[in-house]
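Enquirer: Handing you a structure now.
Just so it is clear, none of the values below were taken in a lab; they were calculated from the coordinates. This structure is a prediction, so every number in the text was calculated from the model and none was measured. Neighbour counts are summed over all protein chains in view; Cβ atoms, including those assigned to glycine, are modelled from backbone coordinates with ideal geometry.
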Amino acid sequence: MVHRLILLGGAFLALMIQASHAGPCTPDIDRLQAQVDARIAAVAGAGPAGSESIAAQLHREPTPASIAAAEQKLGEGKPEEAALAALARARAADASGDKAGCDEALILVRKALAR
C-alpha cells in the first residue's frame, strides 16, 4: 500500500512539474508545429530532388529546419521558413510568459501557412 502511495505521489508530482513548465500558448505552438512539419514534408516530397548532404550521408535524420534550408536552396520553402522563424519567436515568448507576444508570433505562423 505504501509503495502504491509513493508511486502515485511521484506520478502526480511529475505531472505538476510538467504542467508548470507549459507556457500560456504551448498547446497552440505544438499544434502549429505539427502543421508546419507536415507542410515542409509535403513541399519536400513534391519538389525537385536535391543532392544528398554530408549529414544525410552520415545517416543523420533531417530536421524541419534542415529540410527548409534544403528547399530554400532549390527555390522552395519561403513560407515554411517564415513559419519556422515565427514558431521560434512564439516559443521564446511562451517561455517568458508573454501571451501577447506569443499570440502575435502565432498569427505570423498562420499567415505563412496560408501562402
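Enquirer: Give me the distance in nm between label points sitting 7 Å out from Cα along the Cα-to-Cβ direction at residue 85 and residue 115, one decimal.
Expert: 0.9 nm
Enquirer: Another question about this same structure. Determine the gain in length on full extension of the stretch residue 95-residue 63; use 0.36 nm per residue of separation and subtract their C-alpha separation, reporting nm with one decimal.
Expert: The residue 95-residue 63 span can extend by a further 9.3 nm.
Enquirer: Rounded to the nearest 0.05, what FRET efficiency is calculated for residue 108 and residue 54 with R0 set to 35 Å and r the Cβ-Cβ distance? Let's see the in-between values first.
Expert: Details: r = 32 Å, r/R0 = 0.92.
The calculated FRET efficiency here is 0.65.
Enquirer: Tell me, in nm to one decimal, what length is gained between residue 73 and residue 31 on full extension, where the rule is 0.36 nm per residue of separation less the Cα-Cα distance? Intermediate values should be presented prior to the final figure.
Expert: Details: separation 42, 0.36 × 42 = 15.12 nm, distance 2.72 nm.
Contour length minus Cα-Cα distance gives 12.4 nm.
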